[in-house]
Amino acid sequence: MATHHAAPGEIVDLASWADDLPNEKTKAIIKTNDIELARLVIPKGKEYPNHKVSGPIVVHCLQGKIEFTAMGATQELHSGQLLYLVAGEPHSLKGVEDSVILLTILISS
């Protein structure tokens, strides 16, 4: 079965998507040639080692708490907070609590 991506003008209810946290599902929301938007579930204790992406990113914590390391600093990102990184900036993260984040990647042409 193909993954459903939101169509232009389609409403996406992020609150209800956060409700299925115990199912530990990562969901692609939008993927075009210009942007990728995904809801990621980060279980408590799960670590994502240092990596980078080709475009700028915005990481928005919808629920829970994560440790986010970039630009020589580790910060806690709490529910309702977001941060922005430039293209190619190495970063890593770890779930401090069971968490849901909204990841936006701008695709570099």
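Structural remarks
- Using alpha carbons only: equivalent-ellipsoid semi-axes of the range 23-106, gyration tensor based, whole Å: 18, 16, 11
- Between residue 6 and residue 50, the simple label model (points 7 Å from Cα in the Cβ direction) yields a spacing of 3.4 nm.
- Take the Cα of residue 84, step 7 Å toward its Cβ, do the same at residue 71, and the gap between the two points is 1.0 nm.
- Among residues other than residue 81 with Cβ under 15 Å from its Cβ, the summed charge is -2 (Lys and Arg +1, Asp and Glu -1).
- Relative contact order (%) - the chain, alpha-carbon pairs under 8 angstrom, separation at least six: 33
Any read-out appearing in this document is the output of simple, stated calculations on the displayed coordinates, not a laboratory observation. All figures in this text were calculated on a predicted structure; none of them were measured in a lab. We place every Cβ from the backbone using ideal geometry, glycine too, and count neighbours over all the protein chains shown.
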